[in-house]
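First up is the structure itself, then whatever we jot down about it.
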Amino acid sequence: MFRILSGASARAVRSSQPKQLKDITTRHLHSSYDVAIVGAGIVGLATARELILRHPGLSFILLEKEKELAVHQSGHNSGVIHSGIYYTPGSLKARLCVRGATLAYEYCEKKGLPYKRCGKLIVAVEQEEIPRLKSLYERGMQNNVRDLSIIDAKGIREREPYCRGIMALDSPYTGIVDWRTVALRYGTDFEEAGGTVVTEYEVNDIFTVKESPVGSTEGMKHPIGIRDKKGNEVRCRYVLTCGGLYSDRLSQISGCSREPRIVPFRGDYLVLKPEKNYLVKGNIYPVPDPRFPFLGVHFTPRMDGSIWLGPNAVLAFKREGYSVYDFDTRDFADALSFRGLQKLVMKNMTYGIGELYRGIFIGEQVKILQKYIPELSLSDVSRGPAGVRAQALDRNGNLVDDFVFDGGVGDIGSRVLHVRNAPSPAATSSLAIAEMIADEVESRFSL
């Protein structure tokens, strides 16, 4: 069934808690809009909001394949508001993260959304890590990260009494928030501005319309059609896709290359038992090792009061596979047959085997965590939730670490824009990313 949420009807049925937009079931075929956005994760929701606020006179529709909004990467993440320390000075990621963090705090204040500015320590536990830590500090200063400082072992104990290290970066501007709650608030803003949200609409074709709808007097005003797997169709002037884990497949529909390819990596968390939550006050992170492709395990407090430890990073056998037992034949074959993944695995074989081993035997993961909090023991933790990261890879096995936009071929190419990659920290940067994407939309399309 085609589910549609219009502004007026949605406001009439929304519960007092704005945590979930509700659906009204309606058969509403051949609807026409100025702009359609495909994908209601945090990037799609933020961008839809930004576009409708800039262009209130246009009609917008947001299409989502799931029953609810923001249920994948946007609802399965660590919940950290990053400050922008790690990224190359002057890079787009650095600028967007720093601006995004500021905008996120301002937005939460304005909308009354709960958050905590609990800070973060990046802790060196070995002498060999100190040069990398100081290099990170220089990066952070060049990126204009707020209130960043280097502290010694005594300073570490003052901020995290149970943490041990010889030196650390102290980032008090880092915080935590429930990013799914934020994403749903973006959706509410979009809907209240007059936007239409459609769920259970899994797009499988984007095409150029050959003729006007029956009875239409507008001619070819809406020349792009978007069809779902059930045969429902929406027509529009322009299309923007923010497909996350399916961004490469959505792009291929309109004739784009499959590369960069999306390869799913699952991250499994451990959870600290509630009676041991006193061990951690804020975020505690390791000094990144440039030899490895991912950050490493860390301690992350959550808005519900729990403490997550991890994650590891292993290949997921399904693009939305949050369990080790989740398997999809197409997704698995797609990943393994890609030369880029094969090269990445070969370059990081030892690291990958270690991640798999630690995922199975969590005591090995606890041993790494004990470098930072020696009092931690295996009996203090249990297996927790997991997330799946949409990692973009090129054919040479390199992680694509920047934003990628693409159009299509032929006539459709001038009316479709795909966000092929919105790398971490996309949630922190979401409002800043939305500004950038909206600028890109305005530069390509005649809104």
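The values are calculated or read from the model by the stated rules, or taken from the named source; none is laboratory data. These numbers were taken from a predicted model, which means no experiment stands behind them. Here Cβ is always computed from backbone atoms with ideal geometry, including for glycine, and neighbour counts include all displayed protein chains. Just the protein is used for accessible areas: all its heavy atoms, side chains included, with ligands, DNA and RNA removed. Shrake-Rupley method; radii C 1.70, N 1.55, O 1.52, S 1.80 Å.
Tabulated results
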read-out: Options S414, S443, S429: the member that is surrounded by 19 or more Cβ atoms within 10 Å (Cβ to Cβ) and of a type outside the set (D, E); value: S429
read-out: Check on I52, in a strand (DSSP E or B), out of contact with any Leu (no Cβ under 6 Å at 6 or more places or on another chain) and either at pLDDT 95 or above or crowded, with 23+ Cβ neighbours inside 10 Å (or both); value: no
read-out: Residues within segment 61-106 that are polar (S, T, N, Q) and either in contact with a Gly (Cβ under 6 Å, 6 or more places away or on another chain) or surrounded by 22 or more Cβ atoms within 10 Å (Cβ to Cβ) (or both), tallied; value: 4
read-out: Where a residue in segment 391-405 is open to solvent by less than 30 Å² (accessible area, probe 1.4 Å) and its partner, wherever it lies, is of a type in the set (F, W, Y) and not in a loop (DSSP other than H, G, I, E, B), with Cβ under 6 Å and at least six apart; value: Q391/F265
read-out: Subset of segment 379-407 (residues that are among the small types (G, A, S), touching a Leu at 6+ places or on another chain (Cβ under 9 Å), at negative phi and not in a strand (DSSP E or B)); value: G407
read-out: Near pairs, Cβ below 8 angstrom, 6+ apart or cross-chain, from segment 308-335 (touching a residue at least 12 places away in the same chain (Cβ under 8 Å) and assigned to a strand (DSSP E or B)) to any residue that is among the aliphatic types (A, V, I, L, M) and open to solvent by 50 Å² or more (accessible area, probe 1.4 Å); value: V314/L356
read-out: Helices (runs of 4 or more DSSP H) lying entirely in segment 128-218 (those with 2 or more residues that are at negative phi and among the polar types (S, T, N, Q)); value: 130-142, 179-192
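Residue by residue, here is whether (1) farther than 21 Å from S424 by Cβ; (2) in contact with a helix residue (DSSP H, G or I) (Cβ under 9 Å, 6 or more places away or on another chain); (3) at pLDDT 95 or above holds:
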position: G90; (1), (2), (3): no, yes, no
position: K93; (1), (2), (3): no, no, no
position: K110; (1), (2), (3): yes, no, yes
position: C118; (1), (2), (3): no, no, yes
position: L121; (1), (2), (3): no, yes, yes
position: S149; (1), (2), (3): yes, yes, yes
position: Y162; (1), (2), (3): yes, yes, yes
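Conditions (1) under 21 Å from L272 (Cβ atoms); (2) open to solvent by 40 Å² or more (accessible area, probe 1.4 Å); (3) in contact (Cβ under 8 Å) with a residue 40 or more places away in the chain; (4) under 24 Å from the mean Cα position of the chain (by Cα), marked per residue:
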residue: P290; (1), (2), (3), (4): no, yes, yes, yes
residue: T300; (1), (2), (3), (4): yes, no, yes, yes
residue: M346; (1), (2), (3), (4): no, yes, yes, no
residue: G354; (1), (2), (3), (4): no, no, no, no
residue: Q365; (1), (2), (3), (4): yes, no, yes, no
residue: P374; (1), (2), (3), (4): yes, yes, yes, no
